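Comments concern the structure below.
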Amino acid sequence: DGGITQSPKYLFRKEGQNVTLSCEQNLNHDAMYWYRQDPGQGLRLIYYSQIVNDFQKGDIAEGYSVSREKKESFPLTVTSAQKNPTAFYLCASSIGLYVSNQPQHFGDGTRLSIL
Amino acid sequence: AQSVTQLGSHVSVSEGALVLLRCNYSSSVPPYLFWYVQYPNQGLQLLLKYTTGATLVKGINGFEAEFKKSETSFHLTKPSAHMSDAAEYFCAVTYSGSARQLTFGSGTQLTVLP
């Protein structure tokens, strides 16, 4: 079955450490997204990508970085500059960035905590 | 700019009772509207969407929503709640050609009482 795979499901970060969250999709979607979810705040957009080697900052990009070297993959790095990284991170994809009438499909998330 | 307001961060209903989750949007152009459901420690699953056409939209698991332009609302309903409906529900809005894609509401946690 087609879908989005996020790994790991749980991740712990030490002070000063960068960590990378994996997101892989086999839906043949062009657009991919990273969201951060905190209790009571809904989903906030971190980065999004329309095509390979292109990505844009969302609302809360500070302290995060991404790459898009392959269509299927959109890893997110939480850097040491992100002072409050504890959250649930969701990756999503859609057919295309401007195909707004089609839904986004979500992975099952990665829960990141500080040690 | 577009925005979404979900009234009531927590809603409790008895099993078999009507479920009503409220969503109001703000958009300067005709919106596309979505409802998603999230079970604990999982991603979001699409319940239903409104883009154009019929304003009463039916989705999965017996849910439906009605787009009311005059009220800028897209409330989610289900005639009879089931224990398995307990989850968090998110309303989201975008519009045709948007590069920003979805703007989400802050969510409504639905509890179903036996």
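Only the coordinates and a few stated rules stand behind these numbers; no lab work does. What you see is a predicted model, and the numbers here were worked out from it, not measured in a lab. Neighbour counts run over all protein chains shown; Cβ positions are idealised from the backbone, glycine included.
Laid out as a table, the results:
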| item | result |
| --- | --- |
| Positive-end extreme of charge dipole, chain B - chosen from B:VAL19, B:GLY8, B:VAL57 (charges on Cβ) | B:VAL57 |
| Close Lys-Lys pairs in the protein assembly as shown, where close means Cα under 27 Å and separation is 8 or more or interchain | 20 |
| Exposure proxy ranking, count of Cβ atoms within 10 Å, fewest first, for A:ILE46, A:ILE60, B:ILE60 | B:ILE60, A:ILE60, A:ILE46 |
| Dipole magnitude (debye, nearest 20) for the protein assembly as shown, charges at Cβ of Lys, Arg, Asp, Glu | 280 debye |
| Spherically averaged projected area in nm², based on the convex hull that wraps the Cα atoms of the stretch B:1-104 | 6.7 nm² |
| Cα-centre dipole for chain B with unit charges at Cβ (Lys and Arg positive, Asp and Glu negative), debye to 20 | 300 debye |
| Dipole of chain A [Lys/Arg +1, Asp/Glu -1 at C-beta], most positive-end residue of A:GLN82, A:GLY3, A:ASN28 | A:GLN82 |
| Summed side-chain charge close to A:SER65 - residues other than A:SER65 whose Cβ falls under 15 Å, Lys, Arg +1, Asp, Glu -1 | +1 |
| Alpha-carbon centroid distance for the pair the stretch A:41-65 / the stretch B:38-79, whole angstrom | 26 Å |
| Where labels lie 7 Å past Cα in the beta-carbon direction, separation of A:LYS70 and B:SER9 in nm | 4.0 nm |
| Cα-centred dipole magnitude for the stretch A:5-55, charges only on beta-carbon of K, R (+1) and D, E (-1), debye, nearest 20 | 260 debye |
| Gyration tensor (Cα) of chain A, equivalent ellipsoid semi-axes in angstrom | 23, 14, 14 |
| Integer Hz, Karplus 6.51/-1.76/1.60 couplings in order for the stretch A:21-28, x for Gly and Pro | 9, 8, 9, 10, 10, 10, 9, 6 |
| Percentage of interatomic Cα-Cα distances in the protein assembly as shown larger than 24 Å | 44 percent |
| Under the Karplus curve 6.51 cos²θ - 1.76 cosθ + 1.60, θ = phi - 60°, whole-Hz ³J(HN,Hα) for the stretch A:70-82, x wherever Gly or Pro sits | 10, 4, 7, 10, 8, x, 10, 9, 9, 8, 5, 6, 7 |
| Under Karplus coefficients 6.51, -1.76 and 1.60, residue-wise ³J(HN,Hα) of the stretch B:34-45 in Hz, glycine/proline x | 9, 10, 10, 10, 10, 8, x, 6, 10, x, 8, 10 |
